[in-house]
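After the structure tokens below, expect a handful of questions from me.
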Amino acid sequence: MIEVVEGRNSFAVTEVEDYEKTDKVGGGARNHKGIRGKVVERKDVGRCYHRIRDDIDVELKRQVHLFHFSLSDATSNTSFKEGKHIGKKIDNRKPKAIHMAMFDSSNAKLVSKKGKEIVSRVGSDGEDISKSLDFDKGLWLERGNGLLDGDCLKKGDGESELKINGIESGSIQACINKLDGSELVESDRLLSHGSIGVGIEKESSNSGVCSMVEKPYDDVMGLPLSSSLVLIPVEWASNDEQLLLWRSPPPNTMPTATSTTATATATATNTCTTATSGILHRLSSTDQDVKLKALRQLKNQIIGNRTKKLSFLKLGAVPSVAAILAEAVLADDGDRNNSFNKNVIVQSAAVLGSFACGFDVGVQAVLDAGAFPDLLRLLSNLDEKVVDAGARSVKMIYQSKLAPKYDFLQEKNMEFLLSLLNSESETVSGLGASIITHSCKTSVEQKILFDAGVLKKLNRLLKGSLSQKDSSLESLATIFKDNPEVVLKFVGSESGRALSSIIELVKDKFARTRLLASLCLIVIRNTSPCYLQDIAIKTKLVNTLLELLGDPGQVGDKASFALSSLIAQKEDMQKLAFENNAIDKLYCHLQKDSLNPRRFEGILLALADMCSKLECCRSRFLSSQVLNSVVDAVAHDSADVRSAACICFKSVARSIQNLSAGSFLTEAVVIPLVRVLDDPSTSVQVAALGVISNIVVDFTARRSIFIRCGGMKQLVQLSKSMDAAIRLNALWALRNLMFQAESKCKEGVFMELTASLLASLICDPEPFVQEQALALVRNLVDGCISSVEYVFAEDGIILDAVGRQLQSALKAEIGIQGMYVLSNVATGEEFHKEAVLNQLIPHAETGAQAYIIKFLQSNDSRLRTAAVWTVVNLTNSLSPGAVDRLEILRGAGIVSQINNMQHDPCLDVKLRVNTALGQFKTLDTCLSHSS
Amino acid sequence: MANMVADTLLKIALNVEKYRFWMESYPPCVEKAFRESEINGNEGGDALMSLFWIVIRQLAEIEATMATSKKVITREEWEKKLNDVMIRKEDMNKLVMNFLVTEGYVDAAEKFRMESGTEPDIDLATITDRMAVKKAVQCGNVEDAIEKVNDLNPEILDTNPQLFFHLQQQRLIELIRNGKVEEALEFAQEELAPRGEENQSFLEELEKTVALLAFEDVSNCPVGDLLDISQRLKTASEVNAAILTSQSHEKDPKLPSLLKMLIWAQSQLDEKAAYPRINDLSTATLEDPAV
């Protein structure tokens, strides 16, 4: 019934050049029934054509990783592969079906020779997921396009449907249902894997033939790994009805994936599933030999294979193996010399360890199955192999966050830990170190470990084997982290020999060891900055990390993060890194193809730290083409990369020099930034707002570009966000946008913001949002007199809000910004000044002290400055009402307060106070003249 | 074997005359060797180190005295200088043992241990296991090799995705070699495709491998080199190296790097002096300087 297994054929295309040669073999058309293929170009540059039948060309635009087809032709009953007739017979009842697995999400086409489009996929905007076909009614679905569990392909006649039951890495499960009842009429597990997936076909009288092919693709442009699915239900195709895709609302009503799996297993449609269930079956065999063999087989199946781990996990393999282990451990207690039983223990421990290796779901399963205590017991076994297997598995568990916390405070536990560290066995001592790395979190624990002499043991391991060195370095870093006391004792111990052995390991020949030794030194430096100030060591660290960036594996991924922690907030280190060409080297790595997101993120963050303080770094950065790459990365698929790109950009955009030149306000930069303001991830939004805050501080008249690109409207929208961090940053950006802006720009922003929104933001529950809102108003009313009018809109709702906030201000920053708002308003007309005075002077009946007195007496000189400024503006002797205002101020005790401030320690305050006093004097003179 | 090595080494040990501290401008390859020997001072590293310094000092000395013309060193002078070099027998033995162990000559290592009394730094039994794995890959029994590695240490393949992929790829190649097209496809789909999904470069290698299926005459196709025996050897040596690393052992023997240093030192010396050179490393004969 699985005819495709016979008829299927796969065809792979790799390098273009290679393929063109192939074409000479296969392109002769002789004997091929017109099947031939030709790859014109590969990857993202152009397009490829595949002729798979005389009248059908498949056009693939952009990247083609692997193209498969299996073609069954009703007329020829033959299937082909390139240049080679392999003549497998397939059932000729089956109409034409083409299975393809590919490609790019945005542009794949199936066109007939007559030029008629057969299947077309519209853009990746997710609008149109399905389309009816002229030829082989079918459906083209892509996971990238929003296909979810529970999605349904519904036949136009409303009788049957195809449900997507499970989408996970490597497989898509679907079943075909009759719609007239909830009962599954036909169900099948359509399993297909990855790039060479050729779907398993199932023919059924009810539903026709379905086939699915899944193909992950990873676009060179950086699209995420995703999958596409081609589905061609042949029998449905004979109808002219359109197939509809609909998403079923309640996901929990879906038949579970397991139920379909079970059916699939029963019908044995899949050899993998059969093998899988076979092993599990044999695990529960009473025949010990069969059981042991099954254990080994299981072990060999899952080691290194994440997919297999997952599928065995789902089938419940972990509890079965845990049960076998428990039983064998018991049996071992009874008979210690049973080597067969020991082997069962070793194998089952290895299986559990492999499930837990780098796989959190597996760790959880092992813990849930209660195997952890049994594994721990193995450590005290007399047999070396058993101890080794147990230690290895426990170590795997301790390398996961999910491992139970080890309580160092219990004496018994500490003894056990020391015995582990003392062990001759590498695995066992490595386990001891892993436990520390995993469970030592607080300074109390760090201290206890130190006092118990753990550091000495770890030092000893530093001289041991590769794995001992590595795990010891990791543990040392854990014990040092943020604990200057322990670092001090360590550095002083053995007259610094221990520290120098770590320094030596920075030169080790194993990349991972070099990285871990560097990390350990960085922790020491960051914890106690007085150590490791030697320039040679610092240079060595910088250069080691820069060199490690080139490592293709995890070490390379982590090197950039290590570099960040080495240089973050430290200007001297940034300078040193700069002198060692860090910017160029980071850029060089950034340019590499197919960077994984983690590495990409790390490099961007390292660049961000490099450019956070020093102008020389920023100009080096800007003189290369890095900025373009960073701007591109703002649109990356991974949220972490997008966020890192923004953080990096923000750092560079601190360059006043380049801001003045308007280097950042170009459409190429602004458009992607504005777009990313809509990002689903809050952290990306906040990071993007950070960049915008910086770049809109523009000294040229290029803000209009930002506004034209819709950025301002976006900012206003975001200032209404539910998330306080986003409100804060959006206001911050608006505030900077308003900085010395021309009046037209201000008007635009104010229209968009509205007075009532501003007033409510000034009264936001979060003080830091209040502060930014006040700062925004301060910038808004700065400049020409007409802009002062803004605070009087809607009956002065803004000014009232400012007054209220000042009245209750707890934070100096709010007082400062609020006072500057008043101060700026007080530069306006008489009417404006009066309004300010009204805000300042409490109504007689309340009898409260004017808050400005409090500000004038504040410890914060900035607040004092702002308050005096306001008084200065109110009493400007040129304005007619100044004399009266002075009287009122005097009456409120403000004048005498200012008089007391003549010798203010802050020069700025003193200067303003003098101005104010000068003005008072002038006014008093006027008064005495007039009277 | 041991004799040949000893002979070569003696000849590497160029002249000791004066001791002068020389530190600057050694090339990266030497720095690497320096690093290796410094950290693994045991098993012959000391000998290697002292030889290295001797050459360096010699160079510096010549550089200092011979600013203008090339000095000619006659064979007699040279041999006299060589005779003055003291090499500890134990160090030599350790180097030899290191070579035998790393290359997996278990019988020879065992014999050498008995004859010379040099203790290997690794349990000789593990060599047998390692060689069995290597041999299995070389013979195309990849599945067998995988099982053996897993018995040896299940962590190796679980934590080394690249190696695991290459072994599985080799398995696929073997299936294709044996004409098991259906099985090969099934295997590629079940085992390899998910790995390709996890890693872009695996996917590319996988495509290349699967492309073998597209050709009638695989031996003559662009990706035909995958079927070559050298591919097996490549995979085998990768497994070998991974097992050695997991046993905290060097994955390369020290002797070849010693010979590399000899060649480098000679080429440095060539600029400064004419001296009896070793041109043929396998015989290690001194050739009279061309005057």
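The values are calculated or read from the model by the stated rules, or taken from the named source; none is laboratory data. None of these values were measured; they are calculated from a predicted model. All Cβ positions, glycine included, derive from the backbone under ideal geometry; neighbour counts span all protein chains shown.
State yes or no: is B:T126 within 14 Å of chain A (Cβ to nearest Cβ), free of Cβ contacts under 8 Å to residues at least 40 places away in the same chain and not small (G, A, S)?
no
Let me ask something else about it. Inspect all residues belonging to the stretch A:772-782 and state whether any of them is in contact with a helix residue (DSSP H, G or I) (Cβ under 6 Å, 6 or more places away or on another chain), closer than 29 Å to A:S681 by Cβ and assigned to a loop (DSSP other than H, G, I, E, B).
Scanning the stretch A:772-782 turns up no residue that is in contact with a helix residue (DSSP H, G or I) (Cβ under 6 Å, 6 or more places away or on another chain), closer than 29 Å to A:S681 by Cβ and assigned to a loop (DSSP other than H, G, I, E, B).
Yes or no, residue by residue, for (1) closer than 21 Å to B:I54 by Cα; (2) assigned to a helix (DSSP H, G or I); (3) not assigned by TED's automatic domain parsing to the domain that holds B:R177:
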| position | (1), (2), (3) |
| --- | --- |
| B:K234 | no, yes, no |
| B:V239 | no, yes, no |
| B:W264 | yes, yes, yes |
| B:Q268 | yes, yes, yes |
| B:T283 | no, no, yes |
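Among what's in the stretch A:343-371 and is within 14 Å of another protein chain (Cβ to nearest Cβ) and not hydrophobic (A, V, I, L, M, F, W, C), pick the residue that is farthest from A:K291 (Cα to Cα).
Here the residue is A:G358.
Which of the helices (runs of 4 or more DSSP H) found entirely inside the stretch B:91-179 contain at least 3 residues meeting this: surrounded by fewer than 22 Cβ atoms within 10 Å (Cβ to Cβ)?
Because the criterion is at least 3 residues that are surrounded by fewer than 22 Cβ atoms within 10 Å (Cβ to Cβ), the helices (runs of 4 or more DSSP H) in the stretch B:91-179 that meet it are B:106-116, B:124-138, B:142-152, B:161-177.
Pairs please, first residue from the stretch A:812-825 and of a type in the set (D, E), second anywhere and assigned to a helix (DSSP H, G or I), Cβ atoms under 7 Å, 6+ apart in sequence or on different chains.
Listed pairs, sorted by first residue: A:E813/A:E771.
Of the residues B:A188, B:A241, which is at pLDDT 80 or above, within 14 Å of chain A (Cβ to nearest Cβ) and within 30 Å of A:K463 (Cβ to Cβ)?
So the residue among B:A188, B:A241 that is at pLDDT 80 or above, within 14 Å of chain A (Cβ to nearest Cβ) and within 30 Å of A:K463 (Cβ to Cβ) is B:A241.
Residues B:E183, B:E198, B:E216: which one is more than 8 Å from chain A (Cβ to nearest Cβ), among the charged types (D, E, K, R) and surrounded by fewer than 20 Cβ atoms within 10 Å (Cβ to Cβ)?
From the options B:E183, B:E198, B:E216, the qualifying one is B:E183.
Quick check on the stretch A:446-454. Is at least one of its residues in a loop (DSSP other than H, G, I, E, B), away from every other protein chain (no Cβ under 14 Å) and under 26 Å from A:E494 (Cβ atoms)?
Yes: one or more hits.
Being surrounded by 19 or more Cβ atoms within 10 Å (Cβ to Cβ) and hydroxyl-bearing (S, T, Y) is the filter here; which residues of the stretch A:465-517 pass it?
Selection gives A:S467, A:S471, A:S472, A:S475, A:T478, A:T513.
In the list A:K507, A:K469, which residue meets the criterion of being within 14 Å of chain B (Cβ to nearest Cβ), free of Cβ contacts under 8 Å to residues at least 60 places away in the same chain and in a helix (DSSP H, G or I)?
A:K469
Right, here's the next one. With the structure loaded, tell me whether B:S257 is outside any helix (DSSP H, G or I) and surrounded by 16 or more Cβ atoms within 10 Å (Cβ to Cβ) or whether it fails that test.
Spelling it out, it is not the case that B:S257 is outside any helix (DSSP H, G or I) and surrounded by 16 or more Cβ atoms within 10 Å (Cβ to Cβ).
Further question: Do the conditions hold for A:V749, that is, is it part of a helix (DSSP H, G or I), modelled with pLDDT under 95 and not basic (K, R)?
Here the answer is yes, as A:V749 does meet what is asked.
Got at least one residue in the stretch B:166-179 being touching a Phe, Trp or Tyr at 6+ places or on another chain (Cβ under 9 Å), within 13 Å of another protein chain (Cβ to nearest Cβ), closer than 25 Å to B:A214 by Cα and of a type in the set (D, E, K, R)?
yes
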